[in-house]
1. Is there a residue being at pLDDT 90 or above and of a type in the set (A, V, I, L, M) anywhere in region 196-215?
2. Tally time: how many residues in region 112-147 are of a type in the set (Val, Ile, Thr) and part of a loop (DSSP other than H, G, I, E, B)?
3. So, in region 18-32, how many residues would count as being part of a loop (DSSP other than H, G, I, E, B) and in contact (Cβ under 8 Å) with a residue 12 or more places away in the chain?
4. Could you check region 42-62 and list, in sequence order, the residues that are under 21 Å from Glu106 (Cβ atoms), in a helix (DSSP H, G or I) and in contact (Cβ under 8 Å) with a residue 24 or more places away in the chain?
5. For Leu60, only one of the following conditions fails: (1) modelled with pLDDT of 95 or more; (2) surrounded by fewer than 21 Cβ atoms within 10 Å (Cβ to Cβ). What is its number?
Amino acid sequence: MTTTDQDGHTPGALRGLEDARASVRLRAALSIGSNPDERCVDKLVERCAVEPDFSVRETLTWALTRHPASHTVPRLTGELRSGRAQARSQALHTLSKIGDGRAWPEITPELLSDADEEVARSAWRAAVVLVPEGEESALAAALVTQLGQGARETRLSLSRALIALGGTAFPAVRAAMEDPDPRVRHHAMATERLLRDPDAGFEDAVEEAKRVTALRGRPGGE
């Protein structure tokens with residue numbers, strides 16, 4: 001007969017989350033997620049903040065989604081104020097997977113413009129999932145303030161977030177197409193093209209935006 005510890009898991013399951021071997025941590029997270037116990041939520045969230053292995057982090061997120069949102073959402077939203085970037089990023093990622101609207105008020109402008117690009121990307125994805133009906137335009141307006149910033153993956157993530165908002169993003173994106181900063185303008189133009197043609201490639205859309213801008217700058221251009 002298999003014995004269980006005080007949290008209803010086989011002995012060492014929670015301790016396994018801190019094992020030096022990623023494979024052991026992965027199995028421990030799988031075990032907890034397969035046998036949800038609300039008393040494990042704190043430990044799962046704590047581990048999300050420091051776990052170095054991507055696959056293990058994803059499994060920790062999965063394990064948290066297996067628990068009631070009434071227990072996970074308050075704990076995760078508390079992490080959004082952490083000084084550790086990974087804690088904020090992984091909490092946002094997990095909240096986007098849970099999809100509980102009670103987390104929406106915690107998706108602040110500060111998170112949407114976080115200096116850490118991974119946190120900002122996670123915030124954009126979570127915001128698009130959690131935004132209440134009727135607030136999409138306001139979210140789009142907040143997101144376009146980040147146009148032109150960051151590396152390629154960050155810019156692509158922002159475009160995808162705006163595209164996910166659909167037609168409600170058009171006014172804000174089109175306004176940004178007239179921004180005096182060429183980085184913002186090109187990013188906005190590329191995003192607008194992707195809104196119209198989701199099958200277009202991001203790099204192609206950016207290059208087209210640059211060509212259009214160059215043509216406009218020539219004598220006789222629009």
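The values are calculated or read from the model by the stated rules, or taken from the named source; none is laboratory data. Note that the coordinates shown come from a computational prediction; the quantities given were computed from them, not determined experimentally. As a convention, Cβ positions derive from the backbone with ideal geometry for all residues, glycine included, and neighbour counts pool all protein chains shown.
1. Keep residues of region 196-215 that are at pLDDT 90 or above, which gives none.
Within region 196-215 (the criterion being at pLDDT 90 or above and of a type in the set (A, V, I, L, M)), the answer is no, since none of the residues qualifies.
2. Step one: filter region 112-147 for residues of a type in the set (Val, Ile, Thr), giving 119, 128-129, 131, 144-145.
Okay, now just the ones that are also part of a loop (DSSP other than H, G, I, E, B), so 131, 145.
Within region 112-147, residues that are of a type in the set (Val, Ile, Thr) and part of a loop (DSSP other than H, G, I, E, B) number 2.
3. Of region 18-32, the ones part of a loop (DSSP other than H, G, I, E, B) are 18-21.
The next check asks that each one be in contact (Cβ under 8 Å) with a residue 12 or more places away in the chain; those that pass are 18.
The total comes to 1.
4. Asp42, Leu44, Val45, Arg47, Cys48, Arg57, Leu60, Thr61
5. (2)
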